[in-house]
1. Does ARG101 satisfy the criteria of being within 30 Å of PRO8 (Cα to Cα), assigned by TED's automatic domain parsing to the domain that holds GLN159 and surrounded by 15 or more Cβ atoms within 10 Å (Cβ to Cβ)?
2. Please enumerate the residues belonging to the stretch 118-149 that are basic (Lys, Arg) and at pLDDT 90 or above.
3. With respect to the numbered conditions (1) more than 19 Å from the chain's Cα centre (by Cα); (2) at pLDDT below 85, which one is the sole condition not fulfilled by ALA64?
4. Just to be sure I understand the filter: pairs with C-beta atoms under 8 Å, separated by 6 or more residues or on different chains, first member in the stretch 142-161 and closer than 20 Å to PRO126 by Cα, second member among the aromatic types (Phe, Trp, Tyr) and surrounded by 12 or more Cβ atoms within 10 Å (Cβ to Cβ). Which pairs pass?
5. Are any residues in the stretch 100-134 farther than 22 Å from PRO177 by Cα and touching a helix residue (DSSP H, G or I) at 6+ places or on another chain (Cβ under 9 Å), and if so, which ones?
6. Across the stretch 44-66, what is the number of residues that are touching a residue at least 40 places away in the same chain (Cβ under 8 Å) and either of a type in the set (S, T, N, Q) or surrounded by 15 or more Cβ atoms within 10 Å (Cβ to Cβ) (or both)?
7. Filter the stretch 1-15 down to residues that are at pLDDT 85 or above and more than 13 Å from PHE62 (Cβ to Cβ), then give me how many there are.
Amino acid sequence: MAETSTEPVGLWLGIQAGAFLGLYFGFSLALVSALTSPEELLRIVYLITFFPMVGGILLGPFLARRERPAASAIPPIQRTMESLDGMDEGQGKWRILSHVRSDGRTVRIDLHDSSRVEQILDITTPLADEFPVRYMVGRGVGGSRQPELRAKVLSILDQQFPKTRQSRYTSAIEISPELPERLRNQRKKINMLLAIFLPIATFLGWLEMK
């Protein structure tokens, strides 16, 4: 498979990510403050509001330089609908307009009511190299709708994708793009730094408030 093109995360998303990390840190300290000194309401509010701002300002420019897979000029939902053109089975059965949805990046395809599940998978699984595709397949238990659907879809997807690209939910199976090695290493490095830094910073903040 060709190397996935990448682009910088960007300053705005970097600021949001930094603010989220600051919110985690501030909320952790605010929780400690609420348990130890519940009467200090102003301190609790200060902790929740101050650290997200600091995190966004200090970490935003650093996180903005991180890379992510480049987004296509054509929205994922449009790509998917164009690929599935001609697969409608009529009113009350499987149709693109009623069974395909998107949150902007991840495309959700409900496979219920379709008599051509294999064909839909053949058409849409190549798209998972560019953006996440989530197949709605139900829980796969006796009382669920089309209980055989989940096992059928899983058997097909297991032959095409490693477990590392699959995310299995209660009623869905999601296939994600395979990240380039440098992005996987970048993600591991950031996760390791967060796993080390945030607990230490939270502990030091708790000691400071004692």
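1. Criteria met by ARG101.
2. Once the filter is applied, which keeps residues that are basic (Lys, Arg) and at pLDDT 90 or above, the stretch 118-149 yields only ARG134.
3. Only one criterion in (1) more than 19 Å from the chain's Cα centre (by Cα); (2) at pLDDT below 85 is unmet by ALA64, namely (1).
4. Qualifying pairs under 8 Å: VAL153/TYR135; LEU157/TYR135.
5. Passing the criteria: HIS112, ASP113, SER114.
6. Final tally of qualifying residues: 6.
7. 1
The values are calculated or read from the model by the stated rules, or taken from the named source; none is laboratory data. These numbers were taken from a predicted model, which means no experiment stands behind them. Glycine also receives a Cβ, built like all others from the backbone with ideal geometry; neighbour counts cover every protein chain displayed.
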